[in-house]
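Comments concern the structure below.
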Amino acid sequence: MNIAVIGTGYVGLVTGTCFAEAGNNVTCIDIDAKKVAAMQAGNIPIYEPGLEDLFTKNIEASRLSFTTDLTEAVVGAEVLFLALPTPPAEDGSADLSYILGVADDLGKIIKSYTVVVDKSTVPVGTAELVQQHIAEGGASLFDVASNPEFLREGFAVSDFMKPDRVVIGSSSEKAQKVLEELYKPFITKPEQLLMMDERSAEMTKYAANSFLATKISYMNEIANLCEKLGADVDAVRLGMGSDERIGHRFLYPGIGYGGSCFPKDVLALLRSANDNDYKLEILDAVNATNQKQKRVIVEKVLNQYEGNVAGKTFALWGLAFKPDTDDIREAPALEIIHELTKQGARIVAFDPEAMGNVKQVESDNKNLSFGKDKYTVLKDADGLIIATEWPDFHKPDFDKMAKLLKEPVIFDGRNLYTKDQVEGLGFYYESIGREVVYG
């Protein structure tokens, strides 16, 4: 099929590249001319394991191309994906200006039957708005469908190529058949393809992400209580997860969720509920708990130094909100940096992929610097803070760490190590939901 993807962010680029890998002719559109020129030259703008190889392969095979010309890409496209940003507005609602602005343009361009697909995460009722805006521009030969993405950063290529499920929301039998044919190479079992109405598809994405955010926040609350009661959250997590009704996934305590999906989607669903005179009390608590949890490590650090960290230097391992991505949106590490440097501490950070992004957003922070590797940042630091569970951090040389650090102190926000690993090595080790190791 001939496919156009509007927006070359994380979702758009993965979607376009993977559809090209399945043999389709894909044109990706972006308004950023420099970004488009870079992609045309074969330079991928994001880090995602496995994506670069497919990106290069399909450009060379002439199945994947890039342009700034919307008309050029839309004319002749059978399916058009809207993979545009829906950032949270000040009130938490999803900003639909990018999507509806493009919809206005499409109304003047579409001349033959096209399936327009909302790939972005959008509030319930957005498909109807897109339909209205396109029709007002004069187009009539089109259908609008909702096809929310369920891509995990760090696993996006495998999630797309081997999906747990594909959700398609459309009241048009013609559009359903087109999208079913498009997704056929990725579907191995009939039950993986879920057809429903547009509003239910839109709600499915918000409901799923908000439920996963709820599991994370609930487990973080349990971890905090474990510390108060002298219980071990690792044992509790295993006991809970062995119940098949609960499962083990998303039960790992830490310093809160971040990224481009969970924070934004929770706020958007809360706003949708408020707009319809309904209070989502559980989700309100989930959001409040997550904001509080991002400060847990900061509170542990302040408690250890009796509230005074001025003049202290802390090494920070990890900046991305999770491993295998360079995404720093809503990353807990940023909260740690802001709070500690505001109180006069210095942070020397290392992350395998995300340092460039942090350098851009924190360019004015004179108390933040960066190291070339995980050991460099430890030299003469008063302690180490771990904010992202990159694989490279799991099995460090503890003897080397102790020699480099001014004081052998570790604040582990991701519970990378066990008591047995650090006990007897002289480290003060504080984690989440477990007893403190004093050396």
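The numbers here are math on the coordinates, done by the rules we state, and not lab data. Note that the structure is predicted; figures quoted are calculated from it, not measured. As a convention, Cβ positions derive from the backbone with ideal geometry for all residues, glycine included, and neighbour counts pool all protein chains shown.
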With the structure loaded, tell me whether residue 70 is in contact (Cβ under 8 Å) with a residue 12 or more places away in the chain and under 21 Å from residue 33 (Cα atoms) or whether it fails that test.
yes
For residue 135, state whether it is more than 20 Å from residue 12 (Cα to Cα), in contact with a Phe, Trp or Tyr (Cβ under 9 Å, 6 or more places away or on another chain) and small (Gly, Ala, Ser).
yes
Quick one: would you say residue 99 is part of a loop (DSSP other than H, G, I, E, B), surrounded by 15 or more Cβ atoms within 10 Å (Cβ to Cβ) and of a type in the set (A, V, I, L, M)?
no
When every residue in the stretch 260-305 that is within 23 Å of the chain's Cα centre (by Cα) and basic (Lys, Arg) is compared, the one surrounded by the most Cβ atoms within 10 Å (Cβ to Cβ) is 294
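Being in a loop (DSSP other than H, G, I, E, B) and over 26 Å from the mean Cα position of the chain (by Cα) is the filter; apply it to the stretch 69-92 and report the residue that is nearest to residue 115 (Cα to Cα).
Of all residues in the stretch 69-92, those in a loop (DSSP other than H, G, I, E, B) come to 69, 75-78, 83-87, 89-92.
Narrowing the set further to residues that are over 26 Å from the mean Cα position of the chain (by Cα) leaves 69, 75-78.
On the way: 69: 19, 75: 12, 76: 12, 77: 9, 78: 6 Å.
Step by step, filter the stretch 69-92, then rank; the result is 78.
Considering only residues that are in a loop (DSSP other than H, G, I, E, B) and polar (S, T, N, Q), look in the stretch 57-68 and name the one that is farthest from residue 135 (Cα to Cα).
If we filter the stretch 57-68 for residues that are in a loop (DSSP other than H, G, I, E, B), which is where we start, we get 61-63, 68.
Checking the rest, the ones that are also polar (S, T, N, Q) come to 62, 68.
Numbers: 62: 33, 68: 23 Å.
The qualifying residue farthest from residue 135 (Cα to Cα) is 62.
The rows are residues; the columns are (1) in contact (Cβ under 8 Å) with a residue 60 or more places away in the chain; (2) assigned to a helix (DSSP H, G or I); (3) small (Gly, Ala, Ser).
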| position | (1), (2), (3) |
| --- | --- |
| 185 | yes, yes, no |
| 206 | yes, yes, no |
| 223 | yes, yes, yes |
| 226 | yes, yes, no |
| 247 | no, no, yes |
| 250 | no, no, no |
Extreme residue, farthest from residue 116 (Cα to Cα), among residues of the stretch 167-197 that are within 24 Å of the chain's Cα centre (by Cα) and buried (at least 20 other Cβ atoms within 10 Å of the Cβ):
167
Residues (under 16 Å from residue 31 (Cβ atoms) and of a type outside the set (Gly, Ala, Ser)) located in the stretch 60-79:
66, 67, 68, 69, 70, 71, 72, 74
Mind checking which residues of the stretch 102-156 are in a helix (DSSP H, G or I), crowded, with 21+ Cβ neighbours inside 10 Å and touching a residue at least 40 places away in the same chain (Cβ under 8 Å)?
102, 126, 127, 130, 156
